[in-house]
Amino acid sequence: MKIAFFDTKKYDVNSFERYASHNIEFKFFETRLSEDTVSLCQGYDVVCVFVNDVVNKTVIDDLCKYGVKLIALRCAGFNNVDIKHADGKITVVRVPAYSPYAVAEHAMAMLLTHVRNTHKAYIRTKGYNFSLNGLCGFDLHGKTVGVIGTGKIGRIFIDICRGFGMKVLAYDKFRKNDDDTEYTTLENLFKSSDIISLHCPLTEETYHMINENSMRTMKKGVVIVNTSRGALIDTEDLIEGIKTKKIGGACLDVYEEEADVFYEDYSSDIIDDDTLAILLSMPNVLITSHQAFLTEEALENIAKTTVDNIKEFFDTNKCENEVTV
């Protein structure tokens, strides 16, 4: 069984190599899968892709033409794959939960960093500046946090927030009724929350759910946290909301146009993305490069589940973690 990996980094190779055997052969490509690189898939049984690989109609048709039998996502989200076009042509599987704790904890880490200015204090003290001016934050205790999406990650984030003594309001189209989480309408969540954290998938319905109109209903100074998908937020509207001080701050592990920037080192270059440059220049915006998943435990779970998915498919011609229309 020959498996081609795309958009691979050193940590991917380290995680997956332990599963190689005389029955499984891995080939790691640093390049992303796209219409320009799909020809590399010739001769492989499986392609393994990540969040910024492009698996559109053209790529899917070419994969079928080359005899590829399976698309294995080593992530939970699948908005970069044309699932409707793949239906009936090629099977798509994913890793539905690699470490929900990793993402939820990162969301809280970003929120704490923002509200207590620890990132700014770290830089100051490294330069022997021990002034506290401009570092005043606010307590999370007693604040209302609105959590959009109550899957595994969202529910763990809710538990963490409760540990801080925060009041939780939740919204999910498919709400859970097996705990005492207080669900509300999206409109009331926007209106009542001091902090809003996004933990929902990117769909046609959730695309740009944070926009000029929704921000207009929010509290002045609300902090928005996004560790899900960048396009949940209309970035231009977010920037305007920050400029007018309607939005008090943003903690972003994801970005709408991240595919051309994240996971790469541009420290010696000029980034040709004015929108991202504006966000990075704002003192109340904290950005990490889609690293919320990146823990040792998550990488191990991703590798194991991905390999198990592949084996299950080729053993039984089906998979529990198949993505369907």
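The values are calculated or read from the model by the stated rules, or taken from the named source; none is laboratory data. Because the structure is a prediction, the values reported are computed rather than measured. For neighbour counting, all protein chains shown are included, and Cβ atoms are generated from backbone atoms with ideal geometry for every residue, glycine included. When the accessible area is computed, the model is the full protein with side chains, heavy atoms only, and any ligands, DNA or RNA have been set aside. Shrake-Rupley method; radii C 1.70, N 1.55, O 1.52, S 1.80 Å.
Any residue at all in the stretch 134-143 that is modelled with pLDDT of 95 or more and touching an Asp or Glu at 6+ places or on another chain (Cβ under 8 Å)?
yes
I'd like the full set of residues that are touching a residue at least 24 places away in the same chain (Cβ under 8 Å) and surrounded by fewer than 18 Cβ atoms within 10 Å (Cβ to Cβ), limited to the stretch 260-282.
Of everything in the stretch 260-282, those that are touching a residue at least 24 places away in the same chain (Cβ under 8 Å) and surrounded by fewer than 18 Cβ atoms within 10 Å (Cβ to Cβ) turn out to be V261, Y263, T275, I278, M282.
Go through E257, E236, E205 for me and flag whichever is touching an Asp or Glu at 6+ places or on another chain (Cβ under 8 Å), open to solvent by 40 Å² or more (accessible area, probe 1.4 Å) and farther than 27 Å from G165 by Cα.
After applying the criteria, what remains is E257.
List pairs: first in the stretch 101-120 and in contact (Cβ under 8 Å) with a residue 12 or more places away in the chain, second open to solvent by 50 Å² or more (accessible area, probe 1.4 Å) and hydroxyl-bearing (S, T, Y), Cβ under 9 Å, 6+ apart or cross-chain?
Going by the 9 Å Cβ cut-off, the qualifying pairs are L112/T118.
Take the residues in the stretch 156-185 that are modelled with pLDDT of 95 or more and of a type in the set (K, R), then tell me which one is farthest from V103 (Cα to Cα).
K167
Looking at R229, R216, which is the one that is closer than 20 Å to D194 by Cβ and open to solvent by 20 Å² or more (accessible area, probe 1.4 Å)?
Details: R229 fails: closer than 20 Å to D194 by Cβ.
The conditions single out R216.
Does G77 meet the test of being without any contact (Cβ under 8 Å) to a residue 12 or more places away in the chain and small (G, A, S)?
no
Report yes if I224 is touching a Gly at 6+ places or on another chain (Cβ under 8 Å), closer than 17 Å to S197 by Cβ and aliphatic (A, V, I, L, M), otherwise no. Break it down into steps so the answer makes sense when it comes.
Numbers: touching a Gly at 6+ places or on another chain (Cβ under 8 Å): yes; closer than 17 Å to S197 by Cβ: yes; aliphatic (A, V, I, L, M): yes.
Taking the combined requirement at face value, the residue satisfies it.
Do you know which residues across the stretch 224-261 are in a strand (DSSP E or B), within 20 Å of the chain's Cα centre (by Cα) and β-branched (V, I, T)?
I224, V225, I233
Hey, can you tell me all the residues within the stretch 1-29 that are more than 20 Å from the chain's Cα centre (by Cα) and in a loop (DSSP other than H, G, I, E, B)? If you could, list the steps in order and put the result at the bottom.
Of the stretch 1-29, the ones more than 20 Å from the chain's Cα centre (by Cα) are 1-4, 13-14, 16-29.
Of everything in the stretch 1-29, those that are more than 20 Å from the chain's Cα centre (by Cα) and in a loop (DSSP other than H, G, I, E, B) turn out to be M1, A20, S21, H22, N23, I24, F29.
Looking for something touching a Gly at 6+ places or on another chain (Cβ under 7 Å) and closer than 29 Å to V95 by Cβ - is there at least one such residue anywhere in the stretch 115-134? Lay out the reasoning, then the answer.
Of the stretch 115-134, the ones touching a Gly at 6+ places or on another chain (Cβ under 7 Å) are 115-117.
Okay, now just the ones that are also closer than 29 Å to V95 by Cβ, so none.
Within the stretch 115-134 (the criterion being touching a Gly at 6+ places or on another chain (Cβ under 7 Å) and closer than 29 Å to V95 by Cβ), the answer is no, since none of the residues qualifies.
Can you report the number of residues in the stretch 150-170 which are in contact (Cβ under 8 Å) with a residue 40 or more places away in the chain and in contact with a Cys (Cβ under 7 Å, 6 or more places away or on another chain)?
Number of matching residues: 0.
If you take just the strands (runs of 3 or more DSSP E) that sit entirely in the stretch 75-189, which of them hold at least 1 residues that are in contact with a strand residue (DSSP E or B) (Cβ under 6 Å, 6 or more places away or on another chain) and open to solvent by 70 Å² or more (accessible area, probe 1.4 Å)?
167-171
Hey, any hits in the stretch 34-42 for a residue that's open to solvent by 10 Å² or more (accessible area, probe 1.4 Å) and hydrophobic (A, V, I, L, M, F, W, C)? Step through it out loud before you land on a result.
Going through the stretch 34-42, the residues open to solvent by 10 Å² or more (accessible area, probe 1.4 Å) turn out to be 34-37, 39-40, 42.
Filter again for hydrophobic (A, V, I, L, M, F, W, C), leaving 40.
Yes, the stretch 34-42 contains at least one residue that is open to solvent by 10 Å² or more (accessible area, probe 1.4 Å) and hydrophobic (A, V, I, L, M, F, W, C).
From the set of residues in the stretch 283-325 that are of a type in the set (D, E) and open to solvent by 70 Å² or more (accessible area, probe 1.4 Å), which is farthest from S197 (Cα to Cα)?
The qualifying residue farthest from S197 (Cα to Cα) is D315.
Working only within the stretch 262-297, note down all residues that are part of a loop (DSSP other than H, G, I, E, B) and of a type in the set (G, A, S). I'd like the intermediate steps shown before the answer.
So in the stretch 262-297, the residues part of a loop (DSSP other than H, G, I, E, B) come out as 262-273, 282-284, 288-295.
Listed by number, the residues that qualify are S267, S268, S289, A292.
Would you point out which residue out of S197, S193 is of a type in the set (S, T, N, Q), buried (at least 21 other Cβ atoms within 10 Å of the Cβ), in contact (Cβ under 8 Å) with a residue 40 or more places away in the chain and touching a helix residue (DSSP H, G or I) at 6+ places or on another chain (Cβ under 8 Å)?
Testing whether each residue is of a type in the set (S, T, N, Q), buried (at least 21 other Cβ atoms within 10 Å of the Cβ), in contact (Cβ under 8 Å) with a residue 40 or more places away in the chain and touching a helix residue (DSSP H, G or I) at 6+ places or on another chain (Cβ under 8 Å) leaves just S197.
Here is a yes/no grid of residues against (1) aromatic (F, W, Y); (2) without any contact (Cβ under 8 Å) to a residue 40 or more places away in the chain:
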site: M1; (1), (2): no, no
site: R18; (1), (2): no, no
site: S21; (1), (2): no, yes
site: F28; (1), (2): yes, yes
site: D36; (1), (2): no, yes
